[in-house]
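To start, the structure itself, in structure tokens.
Coordinate-derived values only; no laboratory data. It should be emphasised that the depicted structure is a prediction, and the values quoted were computed from it without experimental measurement. Backbone-built Cβ (ideal geometry, glycine too); neighbour counts: all protein chains shown.
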Amino acid sequence: MSSEPLLRFGVVSDIHAQLADNGESLVPGFGVETFEESLKAFRDWGVDAVIVAGDLTDTGLVRELEAVAAAWFRVFPGNLAPDGRKVERVFVLGNHDVCGVRNGRHIFADDAALRREAIETDLPGVWRRCFGEDYGAFFTKRVKDFDFFCANWSPGVWCNGYAETACSGCEEAFGAKMAQCDPSRPFFYVQHPHPRDTVYGQCAWGVDDGSATRLLSRFPQAIAFSGHSHEPLTNEKSLWCGAFTAVATGALQGTSANDVWNRAETAGYENGVCNWYIPGVAREDRIHFMRRYDAPKTMPVEARVFDVRSGLFVSVYENRVELARRDFVSGLDLGAPWVVPVPAKPCDFAERARCAAPAEFSEGAALVAARVKALTRGVDYQGVHVPPETRPALRLDFPAATLGGHVAEYEIAAEGANGTRFATRVCAVGGLYPRRHPRFSKPEYAIIPLERILASANAVAVTPLDSFGNRGWTLEAAIP
């Protein structure tokens with residue numbers, strides 16, 4: 001194997017730089033500090049390019065984009081590395097970047113001021129002022145003889161989560177050019193939404209309308225990068241190897257595991273939120289889902305964390321592409337590097353699951369069950385208020401599953417009479433973190449309202465699952 005890569009590049013997404021209500025500074029925690037740290041790490045590693053797969057800004061305002069650009073030029077002045085090499089900027093826009101007129105009114109109440117401050121009202125001019133290059137809805141860049149095809153999110157197209165159409169012109173824009181690429185060498189595609197039916201499979205949030213999948217399925221050498229979902233890079237389904245290769249990028253503005261399992265189970269995690277991104281459900285109807293599924297939960301939302309901010313270090317060799325996953329807060333790797341062979345070989349989730357070791361509890365681990373009084377979450381959303389209530393609940397305490405594969409979820413189950421079964425899941429919060437992070441091994445818990453557990457059940461079980469759904473050994477305890 002070659003010891004030196006032909007190409008190195010960094011990948012991040014979802015910076016979400018957010019302007020404060022004063023219209024001057026960025027909101028603490030929603031600045032560009034982590035982005036700048038990631039750029040420094042890429043610079044020190046010797047990258048030839050940096051991808052940002054959308055949502056550079058949070059509100060879609062010029063001052064947010066200016067902050068992102070300033071961070072870039074502080075690390076790469078003149079787009080140059082310290083040794084004088086050019087570092088190519090491969091940035092695409094996401095839905096948040098082109099919604100300033102809609103979302104910025106709480107900062108700029110005056111219509112004229114708002115239009116001056118919204119990125120989408122003068123995209124070509126704003127982009128040139130910030131980055132010194134022309135803006136194109138669809139554009140290509142070539143870095144060390146490797147092609148990058150990039151699709152920006154179209155202004156005026158709102159996010160729906162399940163069939164994003166904002167990049168649907170990619171087939172017309174790139175089909176002929178991609179057909180001219182050397183089939184023995186990878187090329188790279190970048191857009192904000194995930195190509196449909198790739199990463200996370202049928203349980204994906206933030207997928208496109210199928211346009212990118214139709215296009216890229218013609219080119220086995222294609223490797224697509226996409227953001228949008230903020231899913232953790234500890235989820236092994238962030239890599240999909242099918243007709244082409246698709247890679248989810250994680251996010252710099254926090255990590256959320258809310259949106260995978262609850263695509264199949266509307267209620268979502270006990271420590272997450274329900275899924276309202278369903279065809280036919282309008283934004284004003286979301287409250288009905290929250291009232292039904294989230295208000296009765298007795299756990300806080302813990303499936304979203306802001307101290308894991310992740311990205312990828314990509315090395316391209318003659319015979320493989322290596323993707324190292326990194327948390328920029330702790331500086332720790334989020335798992336073993338993924339290796340994509342060149343030429344690529346399809347390897348579906350089922351095949352990879354068969355090769356994966358399940359997450360397991362340590363020997364001697366025990367489950368402790370106790371009856372408690374717990375406060376429901378309630379709802380306070382868009383003028384609708386459902387007050388919290390104190391209800392009898394079952395609290396389960398158990399150690400983290402730290403052996404074997406990386407834990408993603410815990411199933412909570414109880415068997416009743418006549419074969420009836422209650423089952424729900426909690427996000428394994430520790431599983432959002434690198435294995436060497438202290439939070440990874442911290443004990444976990446679940447609190448479930450007793451009224452939801454079968455009345456005839458006398459025992460409860462907790463089973464760890466990895467991101468493929470592989471099941472580890474189960475802990476059991478009597479219901480007191």
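Overview of results
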| quantity | calculated |
| --- | --- |
| Relative contact order (percent, whole number), the stretch 18-110, Cα cutoff 8 Å, 6+ residue spacing | 37 percent |
| Rounded FRET efficiency, nearest 0.05, which uses the C-beta distance separating ALA478 from ASP111 and R0 of 60 Å | 0.40 |
| Packing-based exposure ordering (other Cβ within 10 Å, fewest first) of GLU64, GLU411 | GLU411, GLU64 |
| The chain: calculated mean residue ellipticity at 222 nm from DSSP helix runs of at least 4, using -39500 (n - 2.57) | -4000 deg cm²/dmol |
| Sorted by Cβ neighbour density within 10 Å, fewest at the top, the residues LEU323, LEU80 | LEU80, LEU323 |
| Charge dipole (debye, nearest 20) of the chain; +1 at Cβ of Lys and Arg, -1 at Cβ of Asp and Glu | 460 debye |
| Amide N proximity, the stretch 438-480 versus GLU363 label position 7 Å along Cα-to-Cβ, cut-off under 20 Å | 464, 472-476 |
| Longest exposed-site-free window of the chain, the sites being trypsin sites (Lys or Arg not before Pro) in a DSSP loop that have at most 15 other C-beta atoms within 10 Å | 219-435 |
| Residue-count net charge about ASP209 - beta-carbon cut-off 12 Å; Lys, Arg +1, Asp, Glu -1 | -2 |
| Which of CYS130, CYS181 has the fewest Cβ neighbours within 10 Å, and the rest in rising order | CYS181, CYS130 |
| Rounded to 10°, Cα long-axis angle of helix 62-75 versus longest principal axis of the chain | 80 degrees |
| Nonlocal amide H pairs with ALA408, under 5 Å, H built at 1.01 Å | LEU465, ASP466, SER467 |
| Charge sum, other residues only, whose C-beta stays under 14 Å from LEU332's C-beta, Lys/Arg counted +1 and Asp/Glu -1 | +2 |
| Per-peptide average of other Cβ atoms within 10 Å, ordering 268-274, 243-249 highest first | 243-249, 268-274 |
| The chain: relative contact order in percent, alpha carbon pairs under 8 Å with at least 6 residues between | 12 percent |
| Dimensions in Å of the chain - Rg and Dmax from alpha carbons | 23.0, 73 |
| Ordering of 92-101, 158-167 by packing [mean C-beta count within 10 Å, highest first] | 92-101, 158-167 |
| Prolate/oblate/rounded call for the stretch 126-228, Cα gyration tensor, a/c under 1.5 rounded | oblate |
| Within-12-Å neighbourhood charge of THR249 [Cβ basis; K, R +1; D, E -1] | 0 |
| Virtual spin-label span in nm between LYS141 and GLU322, 7 Å along Cα→Cβ | 2.4 nm |
| Extension gain, VAL301 back to GLU133 (0.36 nm per residue minus Cα-Cα distance, nm) | 56.3 nm |
| For the stretch 359-478: relative contact order, % (alpha-carbon pairs under 8 angstrom, 6 or more apart) | 31 percent |
| Using a Förster distance of 60 Å, the FRET efficiency for LYS442-ALA179 (Cβ separation, nearest 0.05) | 0.70 |
| The stretch 359-478 shape via C-alpha gyration tensor axes, a/c threshold 1.5 | oblate |
| Fraction of beta bridges assigned by DSSP in the chain that are antiparallel (%, nearest 5) | 75 percent |
| Rounded Å value of the spacing that divides the Cα centres of the stretch 296-320 and the stretch 11-50 | 16 Å |
| Potential lengthening between GLU24 and ASP380 on full extension [0.36 nm per residue; Cα-Cα distance subtracted] | 125.2 nm |
